Amino acid sequence: MLTVGKVGPGNAGYYQSAVVAGVEDYYAGEGEAPGRWIGRADLVGAVAGSLATAVDAGLLLEAKCAPDGRRLGRTTVTDRSVTAFDLTFSAPKSVSVLYALGGPDVVAAVEAAHTAAVVQAVASVSPRIAYTRTGHAGAAGLDAKGVFGIRYRHRTSRALDPQLHDHVLISNAVRTVSDGQWRTLDARGLYRQAKAAGIEYQTHLRAGLHTSLGVGFGDVDANGQADIVGIDDTVLVEFSTRGVDIEAEVGQWVSGFVAREGRDPTPAEVGKAHRTITLATRGAKPADAGLPTSTLRDRWRARAEELVDVDQMLASILSSTPQQAEVVRPSIDEVLEAVEIKHAEWAEPQLIEQIAMRVTGPDPATVAARSKR
C-alpha cells in the first residue's frame, strides 16, 4: 500500500540521521547506506539510482536546494515549509515475512523485486503529477519536467517485526516545461493519484516475485494488494504486532463514533482516524534497536518455528520453477463496469486503479507497458 506524508525542515533530520545512520531501520547494526536518487534526478545534476548522501538530503529537505547548493525556486524556506512529500511504499506482510525467513537468494530476489516495483510506480505516476500552478489564485496550470527525490529503505516496523517498505521523498520543487523556472509542486495531483500509484506498485511487485521466485498470490483486495499463497496466517499475525494494535485502536474509535454520532463513519473519516492513531501510538524506539541483521533473523526464525515448520512452509511456496506468466490485460468494458460500480464520480486515477488491479505479466516492465496501451 501507499501512504503520503509531508516533510519539512523540522522532521528532515529523521531521514538524514535515523534512516541514513541505520538507527530507525533496526536492521543492520553497522548502519544503512544513504538514500538513492529516484525520478528525474538529472534536473538537479544527479543520477537516478545513485547514492544520495546526507549532505544531499540536508540540502534538499532542509533548504530546498540542489546538491550544488542552487535554490530550487524563489520561496524562502521556513520551519513551516513543506520541502518534500513522503510516499511510503509498503510490501504486503507475507512478502516481508518471506524476506525475513528466506535464504540469501530469496532475500536478494525480494529486495530486487521491491526496488523495481517502487521505481516503476514512481516513473508511471510522475507525468501525472508533474505540474504547478501560477497566476492569481493559481488559475494557470503549468506542466513540469517530471518529479524527483530520494528513496530510503526500511526493513522493520517500530515493533521490530519484518516490514519491507521504502520512503520516497518527492521534492516539492518542479521545473516547468515552458520557461525552465523552478516552482512549487501542485500536490493536489499527487494526493489524487496516490492510491493508483500504490496499486501499480503492488502489481509490479507481484510480477517481479512471480518471475524470480515462482511464488503465487491470492485474491487482490480493494487496495490492489494480495498475499503470497502458502504463508500461514498465524505467522502473518505473529509479525503484525504494530498493525494489530493500531486496528484495535481504530475499532474502538469507530465504536465511539457510532455511539456519539448515531451513524457509521465514512471511509475518509476512518482513514483520517487511522492516520491520527498511527502517529499517536508510536512508542519509543526499542532498547535493542541496533541489533545486527543475523540476530534479528534468528529471532524472527525462532518466533516462526513456534508456529509452523518454516523450512516446509518455504519449500511449498518456492517449489514452483520460476516461469514467464501469461500477460493478462482487462477489457475496456470490464474496467468501466468496475469503476462505475465503485464510484459515483470517477476520473483518470480511478481508471488506473482498476486497470492495475487486473493487469498481470511476466515482469514489471511488461505490466507497465500493458497498462499504458
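The values are calculated or read from the model by the stated rules, or taken from the named source; none is laboratory data. Bear in mind the structure is a predicted one, so any value in this text is a computation, not a measurement. Because the Cβ atoms are built from the backbone with ideal geometry, glycine has one as well, and the counts that use them run over all protein chains shown. Quick note on the areas: whole protein, heavy atoms, side chains included, nothing else; ligands and nucleic acids left out. Shrake-Rupley method; radii C 1.70, N 1.55, O 1.52, S 1.80 Å.
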**OP:** Could you run through the range 84-129 and say how many residues are touching a residue at least 60 places away in the same chain (Cβ under 8 Å) and farther than 18 Å from Ile231 by Cβ?
**Re:** 20
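Could you list, in sequence order, all residues of the range 131-144 that are out of contact with any Asp or Glu (no Cβ under 7 Å at 6 or more places or on another chain) and crowded, with 20+ Cβ neighbours inside 10 Å? Walk me through it before giving the result.
First, pick out the residues of the range 131-144 that are out of contact with any Asp or Glu (no Cβ under 7 Å at 6 or more places or on another chain): 134-144.
Answer for the range 131-144, where residues must be out of contact with any Asp or Glu (no Cβ under 7 Å at 6 or more places or on another chain) and crowded, with 20+ Cβ neighbours inside 10 Å: just Ala144.
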Subject >> Search result, residues across the range 91-113 that are of a type in the set (A, V, I, L, M), over 14 Å from Ser212 (Cα atoms) and part of a helix (DSSP H, G or I) >> reply: Val97, Ala100, Leu101
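Might you let me know whether the range 43-55 holds any residue that is open to solvent by 10 Å² or more (accessible area, probe 1.4 Å), assigned to a helix (DSSP H, G or I) and within 17 Å of Gln181 (Cβ to Cβ)? Write out each step before concluding.
At the first step, the residues of the range 43-55 found to be open to solvent by 10 Å² or more (accessible area, probe 1.4 Å) are 43, 45-51, 53-55.
Then drop every residue that is not assigned to a helix (DSSP H, G or I), which leaves 43, 54-55.
Filter once more, keeping what is within 17 Å of Gln181 (Cβ to Cβ): 43.
Yes, the conditions are met somewhere in the range 43-55.
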Original post:
Which of the residues spanning the range 316-339 are open to solvent by 60 Å² or more (accessible area, probe 1.4 Å) and at pLDDT 85 or above?
Top reply: Ser316
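Quick check on this structure: which one of Val77, Val147, Val174 is open to solvent by 30 Å² or more (accessible area, probe 1.4 Å), closer than 20 Å to Ala57 by Cβ and of a type in the set (A, V, I, L, M)?
Val77
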Original post:
Given Thr3, Thr83, Thr78, Thr53, which one is out of contact with any strand residue (DSSP E or B) (no Cβ under 9 Å at 6 or more places or on another chain), modelled with pLDDT of 75 or more and among the β-branched types (Val, Ile, Thr)?
Top reply: Thr78
Original post:
Can you name the residue in the range 60-90 that is part of a loop (DSSP other than H, G, I, E, B) and polar (S, T, N, Q) and is also nearest to Val310 (Cα to Cα) among such residues?
Top reply: Thr83
Original post:
When residues of the range 162-194 are filtered for being in contact with a helix residue (DSSP H, G or I) (Cβ under 6 Å, 6 or more places away or on another chain), of a type in the set (Lys, Arg) and assigned to a helix (DSSP H, G or I), how many remain?
Top reply: 1
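Would a scan of the range 298-307 turn up a residue that is at pLDDT 85 or above and under 25 Å from the mean Cα position of the chain (by Cα)?
Step one: filter the range 298-307 for residues at pLDDT 85 or above, giving 298-307.
Narrowing further to those that are under 25 Å from the mean Cα position of the chain (by Cα): 300.
Yes, some residue in the range 298-307 is at pLDDT 85 or above and under 25 Å from the mean Cα position of the chain (by Cα).
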**OP:** Working only within the range 12-50, note down all residues that are modelled with pLDDT under 85 and at positive phi.
**Re:** Gly22, Tyr26, Gly31
Subject >> Of all residues in the range 352-373 being open to solvent by 50 Å² or more (accessible area, probe 1.4 Å) and at pLDDT 75 or above, the one that is farthest from Tyr191 (Cα to Cα) >> reply: Thr360
